[in-house]
Each structure stands twice: as structure tokens, then as C-alpha cells.
Amino acid sequence: MAGPGRALPSGASKWEIREKVWEHLEASGLAEFPRPVRGRIPNFKGASRAAPRLLGLPAFRAARTLKINPDAPQRIARSLTLRARKTLLVPTPRLRTGLFNRIVPPPGATKEILRRCATSQGIKDYSVPVGLDGKAQVDLVVVGSVAVSEKGWRIGKGEGYADMEYAMMVSMGAVQEDTPVVTIVHDCQVLDIAEELLDDHDLTVDYILTPTRTIQTNCKRPKPQGIIWHKVSSEMLRKIPILKTLRSREKQAGKDVTLQDEHPALANTNRAAIPNKKVMAANTQPWAAPGSAPVGQHDPVNPKLEGSDTITTVYVGNLPGSLRVSELKSALRELQVTPVQLSWQGAQHRAFLDYRDPGAAGRAVSSLQGLSLGGNALRAELARNQRNKGKGEINAHR
């Protein structure tokens, strides 16, 4: 196995796998612009040899319409699609204004203009939005990956957009159960990934293209069957307007569209006891997209919940200055230690995590202590005055 695979510890989490891949690509000189690749679908040396393998796939030759992500390592795949006179759909950035843009090259476009249409600027200059009523039929999906296994298990950058885009395409009837999914990666990104790391919303792949190989995964694991509404938060619904329309349609069709923060598991939560904070079930893993973990970034107020003890708070220190709150949220979700509230103090290189259940707080400490994020080994412990908890109000964040 090439690259970071040999160094992966047994039972490595998704986040640890991402960190190893990003670190290896940079250290080995394989990383390409945009840099650093950490936090991105990484561009890599050899992408110009991997992408043309797309032309050898019968699924590509038969496809009329392709959906290809806008990441840098897929640029050549986008260009090849346009040169083959196929319809190219590219997801809108962070799904803010819809689901797809269709690239429309100018009449008589030369090879150079088609190449420009495939760039990030070209996508802006030569595209038109495709609405839900556009009746798009996608014959082939190309997604980016941070890591992927020969069995087809895929790990993205942790924000969940590829998974959500696919689920939305299922909901609008744009893809079928047998629509092939392809990813383009460096050989060192092909790793052994434990299937237990996959959740039911995770997208798998059918083909892996690398600079040296075309891998058919023969993956039998079902792909997402649509949007899993109980993993979507109200905040995410607000940030992705197209979700509102899809939810309305599915509700009219009689489907259960209960959101994460409307779930019956939270029915007895005294939300008024937690001012200005979104509440989520501690054991529910949300879609891994910005805003999907509805946790606060404001001053803690020592909340108490009706029928429960005072919140137990975990201190997390030694956060790297470059770390984003979304990255910490992703790590918490993958470790299955999602708090009811996160208070982010990035300038002080620390954060505070609130849990209703002391056992969940203990699991968070065990999971986070020594975990490497951005090259720093985290420090995790119960917040001061909680280590011998048992009386009085807890000054959780001192």
C-alpha cells in the first residue's frame, strides 16, 4: 500500500485518516495548487494522468450528462466532458443558490475556451442554473475524495456536500440506483478503510481513477436512498434554500421530513433553559456540513436542563491557530461525541463542550485526549470545578 496507509493506526477515525492523507501529500511533494491541501479535496501531481482514464470507461462513453464536482483535481475531467460534447453539471458552491449549474460553452468554442469553461472562473462565466423543475437526468457522477478504499468506501473532506448533493439528486429523480459514481485520486489516497466508519448517508464509489490504475470497486453497499431528514438541522435548511423546496415536496408525498432538532428524542428538552442555543441529540450524527451541528459560538451561561443535573463541560485545549470551528465539529461528529453546545474560543486555542450526560462527557475526554488536529495533540479534560462535581452551580468555563 502506498503513502500514509502503512502509518494508519488500527481503528483510525475518518478525521485521523484525512489528517494522514493531507500530511503525506504535503510532506511528499505531491500536493498541487491550491495549497495547503489540508481541509480541501486535495489536488495532486498526476491528476493530468488520472483524469483521462475517464475516457476508457464504458459508463463515460455512454453518458450524455455528467455531474462533476468543482474541485481542482476534477478540472481535467470537466474539460474532457465538454470536449466530448456532453452536458456538464457542476454543483453550486455550498448549495447556496440551488443544486446545479449547467456549463454552456459559447458557439464554436475552441479547445482552449472549453478548457477555460472547466476552470472555477469558467464555471462562473459560462453557466446557467438548473432548477428542480429542470428534469435533469445524470448518467455519471464524478466526486472528489480525501481517501477511498478499493471496496468503494469514500471519505470526503468532512463537510458532507458530495453526500448531500447525491441525496438531493435521488430526491429529485436525477440519479438512479445504478448510476455510476467515479472518484479521481492519487494512488496514495487509496487506503484500507473500515466499513464501520461509514454512515447511512455516506456515498460510495464504483470506479477509482489514479495516475496508474483504473479500479472497479464492485461495491455492493447501497448508496443513499434520498435525504435523511432527521440528520438535517433547521440551520442547514436555512443555509441551503433548495432543501426547503425538496422538503415541501416530500412532505406532500407523505414522507417523514422531521428535522434533527424537531426529532421526538428532543421532545422533553426545555429549550427555554438554553437561551439562543440550538439543541441537538447527543447521540445523533448530523450531515457533516457547515451549520449541521447546531452548536453555539457565544458566551457560556452554565445552562441547566429540566429534569437533569447541571450540564457537564469538557475543556479542549492546544487547538492549532489554523483550525476552523467546522473542522472541530466534524471531528466530534465522527467520534460520536457531539455536544449539545460548543463554545469556540479559537483565539485562545481552546473550546468548551457541554454535555447533558456525564458519561458522554467522559467519552469525549477519552476520545479527544491526544487526538491530532492540524499537527497539534489536543488536551482534553473536564472543565475546572467539574472534576469533583456534586454540589452547587458549576463555573464551567473558568
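The values are calculated or read from the model by the stated rules, or taken from the named source; none is laboratory data. If you're wondering where the values come from, they're calculated on a predicted model, not measured in any experiment. Cβ sites come from the backbone with ideal geometry, for glycine too, and all protein chains shown count toward neighbours.
Would you pick out the residues in the range 166-186 that are of a type outside the set (Ser, Thr, Tyr), assigned to a helix (DSSP H, G or I) and out of contact with any helix residue (DSSP H, G or I) (no Cβ under 7 Å at 6 or more places or on another chain)?
Here is the first cut: in the range 166-186, the ones of a type outside the set (Ser, Thr, Tyr) are 167-170, 172-178, 180-182, 184-186.
So of that shortlist, the ones also assigned to a helix (DSSP H, G or I) come out as 167-170.
Once the filter is applied, which keeps residues that are of a type outside the set (Ser, Thr, Tyr), assigned to a helix (DSSP H, G or I) and out of contact with any helix residue (DSSP H, G or I) (no Cβ under 7 Å at 6 or more places or on another chain), the range 166-186 yields ALA167, MET169, VAL170.
Go through the residues of the range 186-194 one by one and say whether even a single one is more than 23 Å from ALA31 (Cβ to Cβ), surrounded by fewer than 24 Cβ atoms within 10 Å (Cβ to Cβ) and either at pLDDT below 95 or not hydrophobic (A, V, I, L, M, F, W, C) (or both).
Within the range 186-194, one or more residues are more than 23 Å from ALA31 (Cβ to Cβ), surrounded by fewer than 24 Cβ atoms within 10 Å (Cβ to Cβ) and either at pLDDT below 95 or not hydrophobic (A, V, I, L, M, F, W, C) (or both).
Suppose the filter is assigned by TED's automatic domain parsing to the domain that holds ARG38 and without any contact (Cβ under 8 Å) to a residue 24 or more places away in the chain; does LYS86 pass it? Before you say what the answer is, go through the steps one by one.
Working: assigned by TED's automatic domain parsing to the domain that holds ARG38: yes; without any contact (Cβ under 8 Å) to a residue 24 or more places away in the chain: yes.
It is true that LYS86 is assigned by TED's automatic domain parsing to the domain that holds ARG38 and without any contact (Cβ under 8 Å) to a residue 24 or more places away in the chain.
Determine whether the range 216-234 contains at least one residue that is outside any loop (DSSP other than H, G, I, E, B), modelled with pLDDT of 90 or more and surrounded by fewer than 19 Cβ atoms within 10 Å (Cβ to Cβ).
For the range 216-234, residues outside any loop (DSSP other than H, G, I, E, B), modelled with pLDDT of 90 or more and surrounded by fewer than 19 Cβ atoms within 10 Å (Cβ to Cβ): present.
Would it be correct to say that ARG249 is farther than 17 Å from ASP163 by Cα, within 18 Å of the chain's Cα centre (by Cα) and either in a helix (DSSP H, G or I) or in contact (Cβ under 8 Å) with a residue 40 or more places away in the chain (or both)?
It is false that ARG249 is farther than 17 Å from ASP163 by Cα, within 18 Å of the chain's Cα centre (by Cα) and either in a helix (DSSP H, G or I) or in contact (Cβ under 8 Å) with a residue 40 or more places away in the chain (or both).
In the range 338-348, is there at least one residue being surrounded by fewer than 20 Cβ atoms within 10 Å (Cβ to Cβ), free of Cβ contacts under 8 Å to residues at least 12 places away in the same chain and assigned to a helix (DSSP H, G or I)?
So far as the range 338-348 goes, yes, one or more of its residues are surrounded by fewer than 20 Cβ atoms within 10 Å (Cβ to Cβ), free of Cβ contacts under 8 Å to residues at least 12 places away in the same chain and assigned to a helix (DSSP H, G or I).
ARG154 is checked against (1) closer than 20 Å to THR87 by Cβ; (2) buried (at least 24 other Cβ atoms within 10 Å of the Cβ); (3) free of Cβ contacts under 8 Å to residues at least 60 places away in the same chain; (4) not polar (S, T, N, Q) and fails just one. What number does that condition carry?
Evaluating ARG154 over (1) closer than 20 Å to THR87 by Cβ; (2) buried (at least 24 other Cβ atoms within 10 Å of the Cβ); (3) free of Cβ contacts under 8 Å to residues at least 60 places away in the same chain; (4) not polar (S, T, N, Q) leaves (1) as the failure.
Please specify each residue of the range 157-185 satisfying the condition of being touching a Phe, Trp or Tyr at 6+ places or on another chain (Cβ under 6 Å) and either surrounded by fewer than 23 Cβ atoms within 10 Å (Cβ to Cβ) or of a type outside the set (A, V, I, L, M, F, W, C) (or both).
Result: GLY160, single match.
Residue by residue through the range 116-159, note down the ones that are basic (Lys, Arg) and modelled with pLDDT of 85 or more.
ARG116, LYS124, LYS151, ARG154, LYS157 - these are the residues of the range 116-159 that are basic (Lys, Arg) and modelled with pLDDT of 85 or more.
Within the range 147-195, can you find the residues that are of a type in the set (S, T, N, Q) and more than 16 Å from the chain's Cα centre (by Cα)?
Initial filter on the range 147-195 (of a type in the set (S, T, N, Q)): 149, 171, 176, 179, 183, 189.
Once the filter is applied, which keeps residues that are of a type in the set (S, T, N, Q) and more than 16 Å from the chain's Cα centre (by Cα), the range 147-195 yields SER149, SER171, GLN176, THR179, GLN189.
I'm trying to understand the selection: among the residues of the range 222-242, which are in contact with a Lys or Arg (Cβ under 8 Å, 6 or more places away or on another chain) and either farther than 15 Å from ALA162 by Cα or without any contact (Cβ under 8 Å) to a residue 12 or more places away in the chain (or both)?
TRP229, SER233, SER234, GLU235, LEU237, LYS239, PRO241
Is it fair to say ARG18 is in the same structural domain as VAL146 (by TED's automatic domain parsing) and surrounded by fewer than 19 Cβ atoms within 10 Å (Cβ to Cβ)?
Taking the combined requirement at face value, the residue does not satisfy it.
For every residue, the table says whether it meets (1) small (Gly, Ala, Ser); (2) at pLDDT 90 or above; (3) within 30 Å of VAL128 (Cβ to Cβ).
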| position | (1), (2), (3) |
| --- | --- |
| LYS20 | no, yes, no |
| LYS45 | no, yes, no |
| PRO52 | no, yes, yes |
| ARG61 | no, yes, yes |
| ASP71 | no, yes, yes |
| GLY98 | yes, no, yes |
